[in-house]
Structures are given as structure tokens and as C-alpha cells.
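Following: one structure in C-alpha cells, then a few remarks.
Values in this text are rule-based calculations from the coordinates and carry no lab data. All values derive from a computational prediction rather than experimental measurement. Counting neighbours? That spans all protein chains shown, and the Cβs are built from the backbone with ideal geometry, glycine included.
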Amino acid sequence: MAVIKEITIPDIGDFKSVDVLEILVSVGDSVKVEDSLITVESDKATLDIPAPYAGVVKEIKLKVGDKISKGDLLLLLEVNESATEKTDTEKSVAAPASVSAPVANNTDIPTKIEAPKPASTHPNGPSAAPLAPINDGRFRKAHASPSVRRFARELGADLGLIQGRGPKGRILKEDVQSYIKQVLSRSTGGQPGLYVAELPDIDFTKFGETEILPLTKINKLTGRFLHRSWFYVPHVTQFDEADVTDLEQFRKDLNKEYASKDVKITVVAFLIKAVVSALKEYPRFNSSLDNAQENIILKKYYNVGVAVDTPEGLVVPVFKDVDRKSLGELAKELSEVAERARARKLAPHELQGACFTISSLGGVGGTAFTPIVNQPEVAILGVSRADIKPVFQEGVFVPRLILPLSLSYDHRVIDGAQAARFTTYLGKVLSDARRLVL
Ligand code: CAO
């Protein structure tokens, strides 16, 4: 006889109040004992919660993003009563099915999901596109749930080569599928696939003393996003200079006025204003390329990300609707948000929805750099330290404060001439600061 069983979160050891990352079943699905039901993630690892019985999913009581702990109700499962008398094997699955950690030095990596190594060519035969052989180190470091790891192993897909489109860059089952499709389609098109040579595991202690410094969570997440952008976006960087002599004087004057309001007008606040003006003049810079690479999605809102250097690594909070904010409001928000970023107190929504990013290293130094486009945006403005330079004006050299600009852009969306026009325009508005605040 069929009965409805309440399936709760089993004892998952150190995992308390962890995030539900993925729900792996839907209402109406039939599951077998040990099939993965959901994936959760803590700071250290991801793990799948398995089905303790075989049955049909009747109702799901959680959603992605919920925080769960032992005993929380997961779902209602219709099971045959005889199946609820657990066998010895079934009892052993009260604990999570498998755990995987994105951290390279984590020792909890399960051996039970390790499948035999695939051959270096796809099983379809010698004419099929070569799949790069799985590099175990790279595979282990990839951010994916145990079920996706198992799936990738079965297909012989190296997770280390796959770009994740899930939350926090996690690799989803669909990402593995589209990777395989891509490799296969390359073979049918007669084009050679992108074959990345394996990274050798090097024992540096052979050459001298070393120390292991684990990357922070932010380092790892940022690294994945940057790598993805670097991989997909054909980058070009346009360098230019803006004469900010008058802007700097204006900023100093304003700061005298604002001193009593406890707000410091920074260079970055002006840069945000200048960027909005340039995005309005050149709307193609306020766009994204769709994944099919068929259309450009133009945005009619103005959200600007600003890279903030924190002790844990680089974060990019997003300042929303900056076209509607005054210079004073932007300056205040910038200092408040940068402070919270450094204290790791930003909410996820504060890091989303940017149209364009500014990376200012002006407070640190340097003359130019080549920032990586924060994909799906199509351009990023790098700003270096302003310096006094001699500028030839009306027959004489005069000292002017010159701000170096480095605009990296996605060459699939933006042509070189457009980029040069964009930075020329930026230079013009930055040299005429009063127009910016009108
Ligand atoms: N030229 C000359 N001086 C500059 C300048 C520039 N382009 N930009 C800032 N400065 C000055 C400021 O005026 C300030 O001087 P005072 O204290 O005398 O007024 C000083 O440098 C410090 O500025 P700051 O950089 O701390 O503050 P900011 O408001 O200009 O920038 C923020 C804020 C959050 C952008 C910055 O603190 C930061 O984190 N920058 C690093 C971003 C980064 O890491 N990018 C790299 C990403 S790519 O790997």
C-alpha cells in the first residue's frame, strides 16, 4: 500500500544552516533509493542529500536559496509501505550521498564517485571530436555538485574546462551537456576543437622552500568569472588620457563645501557620472551579447559596478540607477558600500545587475593596465593615477593634471573606432567637470 513519507534532512555533520543550491527532482518524479534529491553548499563543500526510499515525489517543501539544517522537511514522497522497511544497505544512506569541495586541499573528496578514466577520444569512435582527457586536479577543483561530477565522469567531460552558469559559477548538468555538444559540433563542422594541454602537477619543493596559501572564497569565485570572461571575450584595450586639471580644482572646491556634510567627493564619483554620460551617447557600450551571438541586448538603465580592493580579494558592488543620483549621493554611497565590501557585509543583490564596470587604481599607482571585461558586460574602464604633465597649449608647455584611461571592450560588440570615440568623449566630459553635474 502506498503511503506518504515526510523526508527530512538527515544528520549532515558540520553542515548547519547551509544553502540549498539546487533541487534535483520535480513533483511527479520517480526516485530510487540513494538518488540525489537536493544539493546544498556550505563555506567548505557541496553535498547531495539522497533519497532514503524509492517512491514518487508528491510535494517539494524547499526552494533554492533556503537555509537548511538537520530535521528540516525536504519533501513528501509516496512510497510503497514495504519499501519503508529499510534494508541494511538503505540504512547506510541516512547520511549524505557524497560530498565534494571546491577547495583544492580538501581531503573529503569522495572516492566512490571516481569512475574509470575515460579515453582521450569520445566513445563514438575515432572520427568523433577529441575530448580533452580528465585532469584529476583540475576536475577536483571545479565547482559542481556531486551528481554533476558523476555525470561528467560518465561522459568523460573534464569539469575543469567547463564554464559554470549556475549560482556562484557552479557547473550545472546543462553546462556539461552543452560542453559535450560543442565538442561534437566542432567535429561535424570539420573544424579542429580547442585542445588545451593538461597542466602538469609540479612539485616546487624540488626547487626550493615553499608555503601553501589557500585562495580565499572570493579569490576563487572571482578567478572563475575572470577566467570565463578572458576565455570567451575577444579583448582589446583602448588607452587614452583626460585632462582633469579643472575637475580636480572643482572637486577640491566642492569638498570644502561638503566638509560639513561629512561627504568626500572622490574621483570615482565623477567617473561614474562621466561614464553614464558616455553610455547615453554611445548606447552600444550599455549592452550584452546574447549567448547565441545573434543579438545585442541594449539596456535602458544605468547600473555601474565599481571594483573594490578588499583584504579577501576583489569584489564589484553595483551602484544602481546612477543616472538619477547626484554627485554627493554617489560619493556617499560609494564610501559606505566600499566600507561594507571590505567588511564582507554586501548582500548578493548588491553585486548583480551591472551594465558597465569601473576599476580605479588611481589611489594606488600605475600608468595603464588592461582590465578584463566583466562579462556579460561589454566594456570596462580602467583608471590609473593622474599625474602632472606638460601639455603644449597656444605655443607653450603648461602643466596639466592628466588622468590615464584604459578601456577594455568586447570586440564582437564594439569596433575599435567606437572605442576611440567613447574614450575621446569621456576625456571631453572629464575635462569640463561642471557639465557633468548639470
Ligand atoms: N589619480 C590620482 N589620485 C587619485 C586617483 C587618481 N586616478 N584616484 C584616487 N586618487 C586619490 C584620492 O583622491 C585619494 O587621495 P586623498 O585621500 O588625498 O583625497 C587617494 O587617491 C585614495 O583614493 P582611493 O582609491 O582609496 O579612493 P577612491 O574613492 O578614489 O576609490 C575605490 C575607491 C573603492 C575604487 C578604491 O578604494 C579601490 O578599491 N580601488 C581598487 C580597485 C581595484 O582593485 N581594481 C583592480 C581590478 S582589476 O584587477
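Sorted by mean Cβ packing within 10 Å, highest first, what order do the peptides 271-278, 26-33 take?
Averaged packing, sorted descending, gives the order 271-278, 26-33.
In whole angstrom, how far apart do the alpha carbon centroids of the stretch 149-169 and the stretch 272-319 sit? Centre-to-centre (Cα) distance: 28 Å. Shape class for the stretch 235-437: oblate, because the ratio a/c of the largest to smallest gyration tensor axis (alpha-carbon atoms, square roots of eigenvalues) is 1.5 or more and b/c is at least a/b. Protection proxy ranking for 291-297, 202-208, using the average of other Cβ atoms within 10 Å per residue and placing the highest first: 291-297, 202-208. Karplus-derived 3J(HN,Hα) values for the stretch 231-237, using 6.51 cos²θ - 1.76 cosθ + 1.60 with θ = phi - 60°, are 6, 8, 9, x, 8, 9, 10 Hz; glycine and proline are entered as x. The stretch between Phe207 and Gln163, if pulled fully straight at 0.36 nm per residue, gains 12.5 nm over its current Cα-Cα span. With a simple spin-label model that places each label point 7 Å from the Cα along the Cα-to-Cβ direction, the separation between Phe369 and Ala2 comes to 6.0 nm. Please go through the residue pairs Lys173/Lys325; Lys299/Lys332; Lys345/Lys428 and name each one whose alpha carbons sit more than 31 Å apart in this structure. Too far apart for the 31 Å limit: Lys173/Lys325; Lys345/Lys428.
Answer rounded, prolate or oblate for the stretch 182-315, using the Cα gyration tensor with square roots of eigenvalues a ≥ b ≥ c: rounded when a/c is under 1.5, else prolate when a/b is larger than b/c, else oblate. It is oblate, given that a/c is not under 1.5 and a/b is not larger than b/c.
Provide the per-residue ³J(HN,Hα) series for the stretch 296-311, in order, calculated from phi with Karplus coefficients 6.51, -1.76, 1.60 and θ = phi - 60°, each as a whole number of Hz, with x at glycine and proline positions. Each residue of the stretch 296-311 in turn: 9, 9, 7, 9, 9, 10, 10, 10, 10, x, 10, 5, 10, 7, 10, x Hz. For the stretch 414-422, putting each phi into the Karplus relation 6.51 cos²θ - 1.76 cosθ + 1.60 with θ = phi - 60° gives couplings of 10, 8, x, 5, 5, 5, 5, 5, 4 Hz, in residue order, rounded to whole numbers and with x for Gly and Pro. For Ile60, Ile7, the sequence from fewest to most other C-beta atoms within 10 Å is Ile60, Ile7. Packing here is the average count of other Cβ atoms within 10 Å per residue, and on that basis the peptides 379-392, 249-262, highest first, run 379-392, 249-262. Amide H contacts of Val236 (H built 1.01 Å from N, in plane; Pro and chain starts excluded): Tyr409, His411 sit under 5 Å, all sequence-distant by 5 or more or on other chains.
For Ala386, the amide hydrogen comes within under 5 Å of no other amide hydrogen, counting only partners 5 or more places away or on other chains and with H modelled in the peptide plane.
Counting every other Cβ atom within 10 Å of each residue's Cβ, Glu34, Glu339 order from fewest to most as Glu339, Glu34. Distances between placed amide hydrogens fall under 5 Å for Ile38 paired with Leu24, Ile49, all partners being 5 or more residues away or on another chain.
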